[in-house]
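Report on one structure; see the data block that follows.
The values are calculated or read from the model by the stated rules, or taken from the named source; none is laboratory data. It should be emphasised that the depicted structure is a prediction, and the values quoted were computed from it without experimental measurement. Backbone-built Cβ (ideal geometry, glycine too); neighbour counts: all protein chains shown. Accessible surface areas use protein heavy atoms only, side chains included; no ligands, DNA or RNA. Shrake-Rupley method; radii C 1.70, N 1.55, O 1.52, S 1.80 Å.
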Amino acid sequence: MSPSLSLALLQVVDRQAPAEFWPWFVATLVKLVALFTIYMIVVAYTTLAERKVSAWMQDRYGPNRVGPRGLFQPLADGLKNIMKEETLPPYANKVLFMLAPAMAFIPAMILWAVIPFAAPWASPWGRIEMQLAPLPIGLLFVIAFSSLGVYGIVLAGWSSNNKYALLGGLRSSAQMVSYEISMGMSLIPVLLVAGNVTLNEIVNQQASLHLWNVLTLGVGFFLYTVSAFAETNRLPFDLPEAESELITGYHTEYSAMKFSLFFIAEYANMLTQSAMIATLFFGGWDIPFMRADNVGAVSFPLVLLSFAIMFAKTLFFLFFFIWIRWTLPRFRYDQLMSIGWKVLLPIALAYIVIVAGTLLALDAAGLKRDFVYGAILFAVNAVLAVVMFRILDRGRIVSPAYGRLDPQELARLRSVSRARTHLTVSAGD
Amino acid sequence: MAIGVKVIERPIAETSYVRAALQGMGRTLKHLFEQKVTTQYPEQKESLSRRWRGTHRMLTTEDGKAKCVACGLCPTICPANCIKLVPGEDERGNRYPLAFEIDEFRCIFCGYCQEVCPEEAIHLGRHYENSEYSREGFVYDLERLTAQTHPVCEMWDPADPKGE
């Protein structure tokens, strides 16, 4: 296909497509290679970071034998996994068994095509967007593809022909489908405030309010983060793996590089979700206290600066994922389901109504979308958050074992226990 | 609910998930920067007790011969039956071991052989890094026992029971 024809096709699909083919083509190739390289390196080093951080939290050193301070550990792990024996269970569905690891990994990676990782560059060859595919429907693309990740896990569990793997796969499908909904719902307020589904526009909107979405939409951030943990199968939602119950769940039968691919997929998902949280709620690549980066393409040093800011935010959330994992214990399965359906989903729905109402009222009052507007939203969210956590903390987020008892039965048991305590005390006297 | 399970009314401060979670996060974050406690084993080693009972060592006289006089007390007292001793006698009537083997796999490291030895010849050693490629490698013969150089175990002294 000739360059001009492909460009013409591109312009039919995307009105904002560049006028010239070659600069766009070369820029895309360079971005592709650079992004993929950085992505894979970060994923590899996140595995090391996980082990290091967990060790530090437990007053240990962590891996420190391969290379200076253990820095080459990911290389050693990769080499080990390549050298290991590939096992194929005799009664597994071979095609799906082979396909599943890739299906777990690819959706996480595809999402990076639309995440803007830096401010657009005003290059000598025209404006170059710092995202691989500057899709106008970026956020919808993200929601659509992030739900594909479950297929790899479900198929891995099913095709292994192993009861633990199947249980892991079942759990993960139930969990991911449940949390998919509250995740999508928690993003609607972001769309309402931004009025746009383009990720770059969401970043710009946060800059124009002078407040990150985490402040103006704090409850939404909480809902999204909890759902993101569930979507990535990380503790406290790692029910699909649950070592103590299911060996390792859906990847019980996998070995060598296929197992490694699941491992990479988990970290790739974490990285993607970290970047999504950073973009949607923490201002993305936006350079704080600076307006020049939001009005159009910027010079190259500023591009690098905005990339560094985005990178730092993403790394922070990677650390946050690890931090949570090594702090909180796993939820029970009924708790997981009740958090998803009875807590997060109703809250998300109510939250959409409240945010929409607030926005309507603010617009009707004729307020401009600037700092005051954001401050009012922040106040509303602060009140909502306080109310939400106060109500939820009354033994309902994580119900104790007696939380499932009939209230009358519970009252009876309590009175019995009180009477018995009384008896023992009086006997002791 | 099982019979006899106590259901106790507890204040919200004890049952709150959010507070407990935040406390836990603080705790792990604090530990992130705390002094690490791991002993970096091959480089650093924990010091052994002076009465540590490890693999054996046979002490020698000045001329390099084993002090053992093949009296036969140690194979007799050995509860694991791991010492094999073949006594010999030279032309002047001095007894010496023709063969002296200790199977360190059978040994339970009770230290009776060292306690019973009248010549203070056989000792347990303060040593624990033993690895071999075969089971046969753990049958230490006289040559190997005399060649060991690690410090020997000190006996328990009734006059100084805590070893101070």
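Of everything listed in (1) within 9 Å of chain A (Cβ to nearest Cβ); (2) assigned to a helix (DSSP H, G or I); (3) modelled with pLDDT under 85, the single unmet condition for B:Met1 is (2).
Taking only region B:85-108 into account, find how many residues are loosely packed, with under 15 Cβ neighbours inside 10 Å and within 26 Å of the chain's Cα centre (by Cα). Even if it seems obvious, please write down each step before you answer.
From region B:85-108, those loosely packed, with under 15 Cβ neighbours inside 10 Å are B:86, B:88-95, B:98-99, B:105-106, B:108; that's our starting set.
Add one more test, that the residue is within 26 Å of the chain's Cα centre (by Cα), and what stays is B:99, B:105-106, B:108.
Residues in region B:85-108 being loosely packed, with under 15 Cβ neighbours inside 10 Å and within 26 Å of the chain's Cα centre (by Cα): 4 in total.
Taking region A:59-91 as the range and being closer than 17 Å to B:Lys36 by Cβ, open to solvent by 40 Å² or more (accessible area, probe 1.4 Å) and not in a helix (DSSP H, G or I) as the test, the residues that pass are A:Arg60, A:Tyr61, A:Asn64, A:Arg65. Within the option set A:Val398, A:Val416, being modelled with pLDDT of 60 or more and among the β-branched types (Val, Ile, Thr) holds for one residue only, A:Val416. The residue pairs whose first member lies in region A:167-180 and is closer than 10 Å to A:Val154 by Cα, whose second member is open to solvent by 40 Å² or more (accessible area, probe 1.4 Å) and at pLDDT 85 or above, and whose beta carbons are closer than 7 Å, counting only pairs six or more residues apart or on different chains, are A:Gly169/A:Val154; A:Gly169/A:Trp158; A:Ser172/A:Val154; A:Ser173/A:Val154.
For region A:223-256, enumerate the residues that are of a type in the set (A, V, I, L, M, F, W, C), at pLDDT below 85 and in a helix (DSSP H, G or I). Result: A:Leu246, A:Ala256.
For every residue, the table says whether it meets (1) acidic (Asp, Glu); (2) surrounded by 20 or more Cβ atoms within 10 Å (Cβ to Cβ); (3) in a strand (DSSP E or B); (4) in contact (Cβ under 8 Å) with a residue 12 or more places away in the chain.
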residue	(1), (2), (3), (4)
A:Pro107	no, yes, no, yes
A:Ala118	no, yes, no, yes
A:Arg127	no, no, yes, yes
A:Gln131	no, yes, no, yes
A:Pro136	no, no, no, yes
A:Gly152	no, yes, no, yes
A:Ala156	no, yes, no, yes
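The numbered conditions (1) farther than 18 Å from A:Ile188 by Cα; (2) buried (at least 24 other Cβ atoms within 10 Å of the Cβ); (3) touching an Asp or Glu at 6+ places or on another chain (Cβ under 9 Å) are all true for A:Ser255 except (2).
Given the condition within 28 Å of A:Pro236 (Cβ to Cβ) and either acidic (Asp, Glu) or within 9 Å of another protein chain (Cβ to nearest Cβ) (or both), answer yes or no: does some residue in region B:37-54 qualify? So far as region B:37-54 goes, yes, one or more of its residues are within 28 Å of A:Pro236 (Cβ to Cβ) and either acidic (Asp, Glu) or within 9 Å of another protein chain (Cβ to nearest Cβ) (or both). Across region A:274-307, what is the total count of residues that are part of a helix (DSSP H, G or I), among the hydrophobic types (A, V, I, L, M, F, W, C), within 13 Å of A:Phe117 (Cα to Cα) and open to solvent by less than 10 Å² (accessible area, probe 1.4 Å)? Total meeting the criteria: 6.
The rows are residues; the columns are (1) among the polar types (S, T, N, Q); (2) away from chain B (no Cβ under 14 Å).
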{"position": "A:Lys313", "(1), (2)": "no, yes"}
{"position": "A:Phe317", "(1), (2)": "no, yes"}
{"position": "A:Phe320", "(1), (2)": "no, no"}
{"position": "A:Ile324", "(1), (2)": "no, no"}
{"position": "A:Thr327", "(1), (2)": "yes, no"}
{"position": "A:Phe331", "(1), (2)": "no, no"}
{"position": "A:Leu336", "(1), (2)": "no, no"}
{"position": "A:Leu345", "(1), (2)": "no, yes"}
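For region A:308-344, the set of residues classified as open to solvent by 20 Å² or more (accessible area, probe 1.4 Å) and not in a helix (DSSP H, G or I) consists of A:Trp326, A:Thr327, A:Leu328, A:Pro329, A:Arg330, A:Arg332, listed by residue number. Scanning region A:201-237 for residues that are over 19 Å from A:Tyr351 (Cβ atoms) and either buried (at least 24 other Cβ atoms within 10 Å of the Cβ) or free of Cβ contacts under 8 Å to residues at least 40 places away in the same chain (or both) yields A:Glu201, A:Val203, A:Thr232, A:Asn233, A:Phe237. Within region B:109-134, the set of residues being within 20 Å of B:Lys65 (Cβ to Cβ) and open to solvent by less than 70 Å² (accessible area, probe 1.4 Å) comprises B:Cys113, B:Gln114, B:Cys117, B:Ala121, B:Ile122, B:His123, B:Gly125.
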